[in-house]
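Below is one structure; the comments refer to it alone.
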Amino acid sequence: MRRFTGLLCLVLIAGSIGCDTNPQVGQYEAALRQAATCGDVLEAIQEDAVAKVDLELKGFIDQEYYTRGGPPLFGDDVALEAGAGGSAGSGAPTADGDAPSGFSDTNRQVADVDEADIVKVGDDGLKLYVVRGNGFYQFDSWPAAQTSRVADLEIEGGAMEMFVEGDRAVVYSNAYGVEALDDGDLCQGYSNGAPELADVDGAYYCGRSFVKVTVIDLSGDTPEAVREIYVDGWYASSRRHDNIVRTVVQSNMQRPGTVPYLYDFLYNNGVYPESREAEILLARAWAAKAKEAIASTTLEQWVPVWGERIDGEIQEQPVQCGDFFSPAPGLTNYGLTQIVGIDIADDGPSTEITSILGQATQVYANAEALILAQPGWSWFERDVNSDRTAVHRFAVSAAGRRTPYQGSGFVQGIVNDQFSMDERAGVLRIATTRTTWPERTDDMFAPDVWVPPVTDNLVSTMKLDGNRLAVIGSTPPLAEGERIFSARFIGDIGYIVTFRQVDPLFAIDLSDPENPKVLGELKIPGFSDYMHPLDDGHLLTIGRDIDEETQRDNGTALQIFNVSDPVNPTLAHKALVGDGYSEANHNHKAFNFYADQGLLAFPFVSYASDFSSTLELWEVSAKDGFNRRGAVDHSDLVLDDCGGVPYAVDEFYYYCGYQPQITRGVFIDEFIYSISHGGVRVHNVNDLAAPVATATYQ
């Protein structure tokens, strides 16, 4: 059996390899190691678990530092940081006008890589697809005045997002109580592994959550499910390359119930050690017992399960050990990241799963690569005083389901979202916010004064060198005391927005990847959550307007920045939408700029007085700025959908199970289609007063 252990050389932040033992400048090797057998997988998991025990013990013993303002104790549960503009599709018009001449598509980061969403336009604008609740709905969307629901399919669990390509759709949903795959063993890690917790009144108390992937055939009169795949965990992200769909699933991979938890061991039955020395002695005893238990575990006790419905029955499938990868032991948080690859044109039960030990927080993909950002949660326990992220590159293509591993590297700081990563000509550009804690001291007489951490921001460049993703360049630290709120890379220029009291927009020249250079900076009140390329010299953004003196949040704001001269970026136009929020503030798929007509649609919830949810429609021009066309309301549709009872806003969610708000808007020719939980409403963009069609889910 191939051993994973051995001396680990350190990779310097600058990218060169060495064995420097200075924890301030060196980092553990980031490269993932591939297992050859299932025995290798178990060994890698056990080594990682033992390393985590040592780190947890060290963190507990070093607790005195935490009282002076250090980071929180290393633990089992770390919250997931829950991530090309909207490309305009076009259909070839027929001579009799039976098809629209253009339509908007999902707003995605990379033009030729599709991202899943709750609404999709299909068949060159003739069809509209919506997922809502536990349903998949198909609408005829053209002619606009004849928009109507024509078919639907019940989806197991709560539908989240979907893809549509040709006559196939893929729907993601959360499924619980999948008894064929879940016998309640997940309860082994809770309440000392008491099995009675597995079933409470017929429902799982701590059962597994599954991501269900349903492949749907759209070629007939009614949609039909042709594949149903269940993967233990929760949905993180996905990408589509033609017919190949890759789904990123995160799994807890909780430690087996035979492995004791530190605090259960220390304070068993409410009995507390008499002194700190006794507490540490008990902690060391826990570590020894935990390691002994880990050595006796089996692979089945650790890994998530997955299965597929075959011949009408859900059948558990084997772990794909040959595509299992692990970093250096103890490097990551508990959990597992899985990349599930399927061909939606192939109805056979063929699925390729690549598994990476530890949880990834951000996903970026282009036509050739899928990048995972995996924070190194144990940096503090390794006596390093600033955070870092492991970056892993995988190859993708539209020709195969597998996602082969290529290489890894470390970058300082944490990645904010998917737009903080971009690849051009084989060079990965990545924007991070770095948090640095004060140097710890062993001086018992040092004053007990809390010293806050310091943040700064970096834009780094990385390139594959063998299986090493090496840092080849970086900006100097930017905007000390602030954090990145948004980023966008366009050509050779990178733009980042940081915020604390004002909104600095930085323009960074990346044409020489080894020497990134800050070209210009603009400071204005507030911040931008999302940046969208308007044209070659302008950025369109949505964010918040903040009073520079009082720091009062004045509401959602739209802005246009002139970056034609990146040395001197300027604010060209600004419009205050109002006192409220938009999903587009945190989800780019809710932001739909239709360049063909210079129109921007986004959902908006106002809390200026009573609750109000609308789809906002704005004219956008680099020359003339913003002009509000108006808004579309669905109040009556949502009310009807919830049984026609006029619930008060503060009671609506309790009785109806969802918020009464519009979620998306899409363009087909000169019509805007607004989508809510109540249905689809169609307006001519030049007349929002009266709808030309309304269709519900009933």
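What the table below lists for this structure:
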read-out: The stretch 455-557: Cα Rg divided by the 2.2 N^0.38 Å rule of thumb; value: 1.17
read-out: When each of Lys120/Lys212; Lys517/Lys623; Lys463/Lys589 is checked by Cα-Cα distance, pairs over 26 Å; value: Lys517/Lys623; Lys463/Lys589
read-out: Charge dipole magnitude, Cβ of K and R +1, D and E -1 - the stretch 243-343, Cα centre, debye nearest 20; value: 380
read-out: Length added when fully stretched, Lys574-Ser511, from 0.36 nm per residue minus Cα-Cα; value: 19.7 nm
read-out: Residues Ala399 and Val226, FRET efficiency given R0 of 22 Å [Cβ-Cβ distance, rounded to 0.05]; value: 0.55
read-out: The stretch 237-312 - percent of accessible surface contributed by carbon and sulfur, probe 1.4 Å; value: 51
read-out: Projected label distance in nm at Ala295 and Ala367, using a 7 Å step from Cα toward the beta-carbon; value: 5.4
read-out: Rounded if a/c under 1.5, otherwise prolate or oblate - the stretch 539-698, Cα gyration tensor axes; value: oblate
read-out: Sites Asp624 and Ala111 - FRET efficiency at Förster radius 22 Å, r taken between beta-carbons, to 0.05; value: 0.25
read-out: Within the stretch 281-435: Cβ-based charge dipole about Cα centre, in debye rounded to nearest 20 (Lys, Arg +1; Asp, Glu -1); value: 880
read-out: Rg ratio (alpha-carbon, reference 2.2 N^0.38 Å) - the stretch 454-494; value: 1.39
read-out: Listed residues Leu571, Ser460, Ile490: farthest to the positive end of the dipole of the stretch 457-582 (Cβ charges); value: Ser460
read-out: Label-point separation, Glu313 to Tyr655 (7 Å along Cα→Cβ), nm; value: 4.6
read-out: Peptides ranked, highest mean first, by Cβ atoms within 10 Å: ranges 407-418, 102-113; value: 407-418, 102-113
read-out: Probe 1.4 Å, accessible area per residue of the stretch 295-334, Å²; value: 40
read-out: Length added when fully stretched, Asn467-Asp183, from 0.36 nm per residue minus Cα-Cα; value: 98.3 nm
read-out: The stretch 452-611, accessible surface, carbon-and-sulfur percent (1.4 angstrom probe); value: 45
read-out: Estimated FRET transfer efficiency when R0 is 56 angstrom, pair Val150-Lys523 (beta carbons, to 0.05); value: 0.60
read-out: Accessible area expressed per residue, the stretch 391-542, with surrounding protein chains retained (probe 1.4 Å, Å²); value: 40
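The values are calculated or read from the model by the stated rules, or taken from the named source; none is laboratory data. It should be emphasised that the depicted structure is a prediction, and the values quoted were computed from it without experimental measurement. Don't worry about glycine lacking a Cβ; one is built from the backbone with ideal geometry, like all the others, and counts go over all protein chains shown. Heavy atoms of the whole protein, side chains included, go into the accessibility calculation; ligands, DNA and RNA do not. Shrake-Rupley method; radii C 1.70, N 1.55, O 1.52, S 1.80 Å.
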